Amino acid sequence: MRYSRLGYWGLPALAVAILAIGVFVVLRVMPPGMLWLKAGIYSTVLVVCTSLCLATYRFADEVQMQTQKSAWFWGSICAAIAVTPLMIIIAWRLIPFPVSVPHPHPGVYFVLGMLFMWVAEGIGFAVAQAWQWWQLR
């Protein structure tokens, strides 16, 4: 399929908007409890957002596809290399790490580590994408 600016940039923007609305609804609108319903909403929102983001490849050309693959590879590798020692330092309690949970459980640290890894991979992807975009200019 041919390159489409609206399809290539519009679908991920729509996915981010749907994700933001889903998180807002679960955190601010729904009453406390109802964990199964909240988990179902999160799962549905993530499936829809992932599908929209994967559909952007239909509107990308070959150079953009290769740039995206390379940026995800290098961004993920650099994030893993940067985050792993930090998670070890926090797990061994070499530095204090405040957690906003009354009674921290090892599972809380696991979830925080996973979330931090996703954030770090996203930042790594953005840096690698910007680097490649700058080199192609």
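The values are calculated or read from the model by the stated rules, or taken from the named source; none is laboratory data. Worth saying up front: this structure is predicted, and the values here are computed from it rather than measured. Because the Cβ atoms are built from the backbone with ideal geometry, glycine has one as well, and the counts that use them run over all protein chains shown.
If a residue has to be under 28 Å from residue 64 (Cα atoms), assigned to a helix (DSSP H, G or I) and aromatic (Phe, Trp, Tyr) to count, how many in the range 3-25 make the cut? Spell out the reasoning first.
Narrowing the range 3-25 to residues under 28 Å from residue 64 (Cα atoms): 3-20.
If we keep only those that are assigned to a helix (DSSP H, G or I) as well, we get 5-20.
Now narrow it down to the ones that are aromatic (Phe, Trp, Tyr): 8-9.
The qualifying residues number 2.
Give me a count of the residues in the range 26-52 that are of a type in the set (A, V, I, L, M, F, W, C), part of a helix (DSSP H, G or I) and loosely packed, with under 15 Cβ neighbours inside 10 Å. Before the answer, list the steps.
Let us first name the residues in the range 26-52 that are of a type in the set (A, V, I, L, M, F, W, C), namely 26-27, 29-30, 34-37, 39, 41, 45-49, 52.
Checking the rest, the ones that are also part of a helix (DSSP H, G or I) come to 26-27, 29, 35-37, 39, 41, 45-49, 52.
With the extra rule that they be loosely packed, with under 15 Cβ neighbours inside 10 Å, the set shrinks to 27, 29, 35-37, 39, 46-47.
Number satisfying all stated conditions: 8.
Name the single residue, out of those in the range 88-137 being among the charged types (D, E, K, R) and modelled with pLDDT under 75, that is surrounded by the fewest Cβ atoms within 10 Å (Cβ to Cβ).
Keep residues of the range 88-137 that are among the charged types (D, E, K, R), which gives 93, 121, 137.
Subsequent filtering for residues that are modelled with pLDDT under 75 retains 93, 137.
Numbers: 93: 8, 137: 4.
Only one residue tops the list, namely 137.
Name the residues in the range 37-61 that are within 17 Å of residue 6 (Cα to Cα) and more than 19 Å from the chain's Cα centre (by Cα), would you?
Our first condition is that a residue be within 17 Å of residue 6 (Cα to Cα); within the range 37-61, this holds for 49, 51-61.
58, 59, 60, 61 - these are the residues of the range 37-61 that are within 17 Å of residue 6 (Cα to Cα) and more than 19 Å from the chain's Cα centre (by Cα).
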